[in-house]
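Visitor: After the structure tokens below, expect a handful of questions from me.
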Amino acid sequence: MFMLRSALMLTIVVAIGGAFPHTAAAQTTPPRGIVKITGELYRAQNDNHYTVFLVTPDGIIMSDPINREFSRWLKAEMATRFKVPVRYVLYTHHDWDHASGGVVWADTAEFVGHRNMFETLALPGGVHPLAGGSLKMDANQNGVIEKSEATGDTAQRFWLFDENRDGLLSGAEMARGALSDVYPPNVTFADRHTVTLGGKRVVMVHLGNAHAPDSAVLHFPDERAVFSADIVQVKRLPGGLAPNVGDWIDALKTVLSLDFEHALTGHALAGTRADAEGLLRYLQDISTGVAAGIGAGRTLAEIQKSLTLDAYKGYDRYDMLRAEHIAQVYRTIKGTK
Ligand SMILES: [Zn+2]
């Protein structure tokens, strides 16, 4: 199991498997659980996604709500264990799979996100005809996707795309993404923002454009911990290096400028500062390796063959993503992306 390594090192407070049907339908509850990291800082799991929360005498400061079902479960768990309400929801970024479901906490919490979050949540202006895969789904070619036409992820998350709830997905709704259940922040910030509650502090720091324009890392100074949903990875390669490897290197350097020991992530393993340093080294090695290859007049295919990055062979997704990352960095350096 993917969280075994971290679980062994930590106190398992609870771990609930998929034993109970969620509804009368065949839907089953994903693996969920809460693990204490240190002091009153906890990491909570919903299947392949994780969030964190800090309990204080005056209430709880939490990060991403993930989705409504998980948030309802977490809220009930918190009510029985801690008996104080969630006062803050601090977003790591806008992506639907981390930021959905905040409405569950809206009765007691203030929501904080980077100021670019508003732009990412807004429907794009101007003319947005269906394009690419969306265009292919439009079988009757009327310019919108009906429920009956939707397939794959679009069918599964239809209502998250359908901002105006008209049962039709426009080009603008498809271009924006499955963001209809993201509760917008009440408070935004530009570079950093500090939340204080019950004698505790959490500092949010903007990570530039890495992964998303509204990416932030949460720093828990007393607990010496950071939480980053999609940027810090532990012995695991990032899915993609958008918008470019330079922004990722800058983001990792920003994270590493903070004082921490616990590196908490939104997916898979949690780890330590050394793991964040390992990922930064990977990004730097791939960057210098590709630049050297281009300097020596090698083609992309040649660089993909020679730049084996052996030091990272043990990382999750190495086989799947190394060559793709090299291609991304190659395009960035060549200026073709
Ligand atoms: Zn994301």
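Visitor: Given the options Ala274, Ala268, name the one that is within 16 Å of the ligand (Cβ to nearest atom) and either modelled with pLDDT under 95 or within 26 Å of Val217 (Cα to Cα) (or both).
Guide: When all the criteria are applied, what remains is Ala268.
Visitor: Hey, another quick one. Name the residues in segment 71-103 that are closer than 18 Å to Trp159 by Cα and within 16 Å of the ligand (Cβ to nearest atom), would you?
Guide: Residues satisfying the conditions are His94, Asp95, Trp96, Asp97, His98, Ala99, Ser100, Gly101, Gly102.
Visitor: While we're here: Among (1) within 15 Å of the ligand (Cβ to nearest atom); (2) surrounded by fewer than 24 Cβ atoms within 10 Å (Cβ to Cβ), which single condition is Ile231 missing?
Guide: In the conditions (1) within 15 Å of the ligand (Cβ to nearest atom); (2) surrounded by fewer than 24 Cβ atoms within 10 Å (Cβ to Cβ), Ile231 misses (2) alone.
Visitor: Report yes if some residue within segment 48-56 is within 16 Å of the ligand (Cβ to nearest atom), in contact (Cβ under 8 Å) with a residue 24 or more places away in the chain, among the hydroxyl-bearing types (Ser, Thr, Tyr) and in the same structural domain as Gly198 (by TED's automatic domain parsing); otherwise report no.
Guide: yes
Visitor: Taking Ala274 and the conditions (1) among the small types (Gly, Ala, Ser); (2) assigned to a helix (DSSP H, G or I); (3) touching a residue at least 12 places away in the same chain (Cβ under 8 Å), which numbered condition does it fall short on, given that it satisfies the others?
Guide: Tallying (1) among the small types (Gly, Ala, Ser); (2) assigned to a helix (DSSP H, G or I); (3) touching a residue at least 12 places away in the same chain (Cβ under 8 Å), Ala274 fails exactly one: (3).
Visitor: Select from segment 299-325 the residues that are under 29 Å from the mean Cα position of the chain (by Cα), part of a helix (DSSP H, G or I) and over 14 Å from Leu237 (Cα atoms) and list them in ascending order. Can you show your working first?
Guide: Pass one, segment 299-325, residues under 29 Å from the mean Cα position of the chain (by Cα): 304, 307-325.
Going one step further and asking which of them are part of a helix (DSSP H, G or I), we end up with 304, 310-312, 318-325.
Listed by number, the list holds a single entry, Gln304.
Visitor: Could you grab me the full set of residues in segment 200-225 that are more than 16 Å from the ligand (Cβ to nearest atom) and touching a helix residue (DSSP H, G or I) at 6+ places or on another chain (Cβ under 8 Å)?
Guide: Val205, the sole residue that qualifies.
Visitor: Are any of the residues in segment 283-298 under 28 Å from Gly177 (Cβ atoms), touching an Asp or Glu at 6+ places or on another chain (Cβ under 8 Å) and either more than 16 Å from the ligand (Cβ to nearest atom) or part of a helix (DSSP H, G or I) (or both)?
Guide: no
Visitor: Give the number of residues within segment 255-287 that are surrounded by fewer than 17 Cβ atoms within 10 Å (Cβ to Cβ) and out of contact with any helix residue (DSSP H, G or I) (no Cβ under 8 Å at 6 or more places or on another chain).
Guide: Summing the residues that are surrounded by fewer than 17 Cβ atoms within 10 Å (Cβ to Cβ) and out of contact with any helix residue (DSSP H, G or I) (no Cβ under 8 Å at 6 or more places or on another chain) in segment 255-287 gives 4.
Visitor: For Lys337, all conditions in the list (1) in a loop (DSSP other than H, G, I, E, B); (2) at pLDDT 95 or above; (3) of a type in the set (D, E, K, R) hold save one; what is the number of the exception?
Guide: (2)
Visitor: Quick one: which helices (runs of 4 or more DSSP H) lie wholly within segment 61-153 and hold at least 3 residues that are surrounded by fewer than 18 Cβ atoms within 10 Å (Cβ to Cβ)? Don't jump to the end; show me each part of the working.
Guide: On the way: elements: 68-81, 96-99, 117-121, 132-137.
Where helices (runs of 4 or more DSSP H) fall fully within segment 61-153 and carry at least 3 residues being surrounded by fewer than 18 Cβ atoms within 10 Å (Cβ to Cβ), they are 68-81, 132-137.
Visitor: Of Ala131, Ala150, Ala139, which residue is of a type in the set (Gly, Ala, Ser) and in contact with a Leu (Cβ under 8 Å, 6 or more places away or on another chain)? Give the derivation first.
Guide: On the way: Ala131 fails: in contact with a Leu (Cβ under 8 Å, 6 or more places away or on another chain); Ala139 fails: in contact with a Leu (Cβ under 8 Å, 6 or more places away or on another chain).
Answer to the selection: Ala150.
Visitor: Another question, if that's okay. Is one or more of the residues making up segment 251-259 modelled with pLDDT of 95 or more, within 15 Å of the ligand (Cβ to nearest atom) and not assigned by TED's automatic domain parsing to the domain that holds Val84?
Guide: yes
The values are calculated or read from the model by the stated rules, or taken from the named source; none is laboratory data. Not measured: the values here are computed from a predicted model. Positions of Cβ are generated from backbone atoms using ideal geometry, with glycine treated the same way; all protein chains shown enter the neighbour counts.
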